[in-house]
């Protein structure tokens, strides 16, 4: 059953075995597991429920409906880093590219070392990772879905002799309509909207949409549920109070909103780590213009990744976005922007993704807003300059007539020699345009309360009955798209929580 | 390729995209979840916003008309509803600050809305390079709010040769055929691209 704003009366109160706040990669799997175990589950989502058939390529509707704060969120620091999070049933899995990579083995070895537990090592997580891959039909793309931008990235990498790996994506018979970031209109992308959410609903779970959770209910030192208010979709104002009482509360709001909610209660005290260890895989965009039409909007988003520089923490991928998103991020407007955008069909947009070398922090900002902060390091700036120069060179030597760069001090190159001196820009951190969608690490799990926020099952050390299930749990950055890892942890938390709740019910 | 569990996917994939542009443009889509109403604005703020829209959007031969400008301003007002309330209100301040830019930049006693389009465009471009981060952010926010709507309009898409709906519809139909057991042919491949004639 899906509930929306008009279903709530003033003072609406629900009761359940478990409440799961968030319906994305962290919330939906745990919700499905709990519901299928026979428990009474309520999933709470701040956004609305939108069917696959309602997805379309128009940003003025899709971004408003599917993305938190209309896509205006930004990490504060030098430079400012815009980011997007999903706000709809399915969360960010509805608006991501569906890239499904397992966490690299060295990362999991490091997690096992940091936590002192093999449970989060490669062998320990293997059953859940395999289950996620089966549940979301992880596979490479059908060749028929490849577009010219995919082909140009692959041929450019081949010309340079670089390693280019085909992405594995959570999709089934994706035909490459390239609307991933505004919701998959064919149902091929296996977001939680079409996988774990239907499973949870089929098993009897309720999904309370258009509810913003504002606080936890804490009674007798334990979590007893959540309280919030319904959101009127016409005015976006908070209206009726809604309260959900539960035996277990799972917070799965992502690495920014989860610590924001928990910090409001002064939690995370044993280690002081709540909100710290904020990781975000920042990336810079490089836009290549080819003389021939490319129509990058036709064909799958991110067929492959250039992994030649993986050891340096640098990945490249093509990632075309709709004109509205591309235009709004450019550092100019008017006729100059039109001159660029009128060549939209000749563009290949690529991302230079850099693995974090530092961490930031999420704080409770003024007026009830989350305040993520992050300072890009000189080492990262070197890697952005190196990555952007390499990708630009690849395109220019592959036939591009011009490449637009993400540096205010150097916006364009038409020949390889123009790329000389990019390294000199690395001292000007405010002058690089970055972006991110991978937010992680602000409620790190661990084996000891002295250095972590939750245990290895996501249970808060200092609030019984409250669990975290999202990318906040990551002890370190993973260097690849995090969806599979989040879902694997979510399944594990779901199974262990189900065992506990069923045992309590039996007792 | 593993077969997914049947229960996980809708038994019949959608073959019709329910949101053609004429339905997206309305303030209340008919899929049960309405878009927010436009943020109310007084006539002076609205005139200032329309001046900002005119300064940021390209002049002909790019698509431009009074009606298009009004739709962009309307779209920006809907967009404001989705911001955190404090930022939504901050946008009002931004609109008036931008409108008064000629005065506080000591260009003269007139407002942005009264300037020639090219001159207004150039003034905002200079502000975007200001040494004051706040001013740079102000222009960035105005661009995001206005240009994301302008570059989302059907006539702008047409002029760019970007026609996503027929393409999405064709790929949705193809997926339905594949799910029904059809074997793909070379004709089902994407591209190679040809220039789409506006």
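As a summary of the residue check, residue B:137 satisfies the conditions (1) in a helix (DSSP H, G or I); (2) modelled with pLDDT of 90 or more; (3) over 21 Å from residue B:65 (Cβ atoms); (4) out of contact with any helix residue (DSSP H, G or I) (no Cβ under 6 Å at 6 or more places or on another chain) except for the one numbered (2). In region A:232-251 there is no residue that is out of contact with any strand residue (DSSP E or B) (no Cβ under 7 Å at 6 or more places or on another chain), away from chain B (no Cβ under 12 Å) and part of a loop (DSSP other than H, G, I, E, B).
Of all the residues that make up region B:170-182, how many are farther than 17 Å from residue A:297 by Cβ, touching a helix residue (DSSP H, G or I) at 6+ places or on another chain (Cβ under 9 Å) and at the interface with another protein chain (Cβ under 9 Å from one of its Cβ atoms)?
Matching residues across region B:170-182 total 1.
Of all residues in region B:87-111, those satisfying the criterion of being assigned to a helix (DSSP H, G or I) and either within 22 Å of the chain's Cα centre (by Cα) or on the phi > 0 side of the Ramachandran plot (or both) are B:87, B:88, B:89, B:90, B:91, B:92, B:93, B:94, B:95, B:96, B:98, B:99. For region A:411-429, a residue qualifies if it is modelled with pLDDT of 85 or more and touching a helix residue (DSSP H, G or I) at 6+ places or on another chain (Cβ under 6 Å), and the qualifying residues are A:413, A:416, A:419. Residues in region A:1-51 that are touching a helix residue (DSSP H, G or I) at 6+ places or on another chain (Cβ under 7 Å), closer than 30 Å to residue A:328 by Cα and surrounded by fewer than 23 Cβ atoms within 10 Å (Cβ to Cβ): 1 in all.
To keep it simple, each residue is scored yes or no on (1) buried (at least 19 other Cβ atoms within 10 Å of the Cβ); (2) more than 9 Å from every other protein chain (Cβ to nearest Cβ); (3) touching a helix residue (DSSP H, G or I) at 6+ places or on another chain (Cβ under 6 Å); (4) part of a loop (DSSP other than H, G, I, E, B).
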{"residue": "B:125", "(1), (2), (3), (4)": "no, no, no, no"}
{"residue": "B:152", "(1), (2), (3), (4)": "yes, no, yes, yes"}
{"residue": "B:168", "(1), (2), (3), (4)": "yes, no, no, no"}
{"residue": "B:190", "(1), (2), (3), (4)": "yes, no, no, yes"}
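Touching a residue at least 60 places away in the same chain (Cβ under 8 Å), closer than 21 Å to residue A:473 by Cβ and buried (at least 24 other Cβ atoms within 10 Å of the Cβ) - does that describe any residue in region A:227-236? Checking region A:227-236: not a single residue is touching a residue at least 60 places away in the same chain (Cβ under 8 Å), closer than 21 Å to residue A:473 by Cβ and buried (at least 24 other Cβ atoms within 10 Å of the Cβ).
Just wondering, is there one or more residues in region A:208-220 that are farther than 30 Å from residue A:373 by Cα, in contact (Cβ under 8 Å) with a residue 40 or more places away in the chain and within 24 Å of the chain's Cα centre (by Cα)? Yes. For region B:59-86, taking the residues that are assigned to a loop (DSSP other than H, G, I, E, B), touching a residue at least 12 places away in the same chain (Cβ under 8 Å) and under 16 Å from residue B:155 (Cα atoms), the one that is nearest to the other protein chains (Cβ to nearest Cβ) is identified as B:62. For residue B:141, the conditions (1) closer than 18 Å to residue B:73 by Cβ; (2) within 7 Å of chain A (Cβ to nearest Cβ); (3) surrounded by fewer than 21 Cβ atoms within 10 Å (Cβ to Cβ) are fulfilled apart from (2).
Condition check ((1) touching a helix residue (DSSP H, G or I) at 6+ places or on another chain (Cβ under 7 Å); (2) within 14 Å of residue B:149 (Cα to Cα)) across all residues:
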residue	(1), (2)
B:53	yes, yes
B:59	yes, no
B:62	yes, no
B:69	yes, yes
B:73	yes, yes
B:80	yes, yes
B:83	yes, no
B:93	no, no
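Taken over region A:371-403, residues that are under 26 Å from the mean Cα position of the chain (by Cα), assigned to a strand (DSSP E or B) and surrounded by 21 or more Cβ atoms within 10 Å (Cβ to Cβ) amount to 1.
Quick one: in region A:472-488, which of the residues that are in a helix (DSSP H, G or I) and in contact with a strand residue (DSSP E or B) (Cβ under 8 Å, 6 or more places away or on another chain) is surrounded by the fewest Cβ atoms within 10 Å (Cβ to Cβ)?
Here the residue is A:484.
Restricting attention to region A:430-453, the residues that are surrounded by fewer than 20 Cβ atoms within 10 Å (Cβ to Cβ) and in contact with a helix residue (DSSP H, G or I) (Cβ under 6 Å, 6 or more places away or on another chain) total 1. Is it true that residue A:39 is in contact with a strand residue (DSSP E or B) (Cβ under 6 Å, 6 or more places away or on another chain), over 22 Å from residue A:445 (Cβ atoms) and at pLDDT 95 or above? Yes: the conditions hold for residue A:39.
Can you tell me which residue within region A:265-301, out of those that are assigned to a loop (DSSP other than H, G, I, E, B) and within 25 Å of residue A:80 (Cα to Cα), is nearest to the other protein chains (Cβ to nearest Cβ)? So, considering only residues that are assigned to a loop (DSSP other than H, G, I, E, B) and within 25 Å of residue A:80 (Cα to Cα), the one nearest to the other protein chains (Cβ to nearest Cβ) is A:282. Against the criterion of being crowded, with 21+ Cβ neighbours inside 10 Å and either within 30 Å of residue B:137 (Cβ to Cβ) or within 14 Å of chain B (Cβ to nearest Cβ) (or both), residue A:87 qualifies. Residues considered: B:97, B:197, B:185. Of these, the only one that is more than 7 Å from every other protein chain (Cβ to nearest Cβ) and modelled with pLDDT under 90 is B:197. Could you check region A:123-158 and list, in sequence order, the residues that are in contact with a helix residue (DSSP H, G or I) (Cβ under 7 Å, 6 or more places away or on another chain), free of Cβ contacts under 8 Å to residues at least 40 places away in the same chain and within 13 Å of another protein chain (Cβ to nearest Cβ)? Across region A:123-158, the qualifying residue is only A:144.
Of the candidates A:200, A:188, the single residue that is touching a helix residue (DSSP H, G or I) at 6+ places or on another chain (Cβ under 8 Å), modelled with pLDDT of 95 or more, within 14 Å of chain B (Cβ to nearest Cβ) and within 30 Å of residue A:61 (Cβ to Cβ) is A:200. For region A:292-326, enumerate the residues that are farther than 23 Å from residue B:166 by Cβ and over 21 Å from the mean Cα position of the chain (by Cα). Within region A:292-326, A:308, A:309, A:311, A:312 qualify.
The values are calculated or read from the model by the stated rules, or taken from the named source; none is laboratory data. Keep in mind the model is a prediction, meaning the values are calculated, not measured. Quick reminder, even Gly has a Cβ in these numbers, built from the backbone with ideal geometry, and neighbours come from all protein chains shown.
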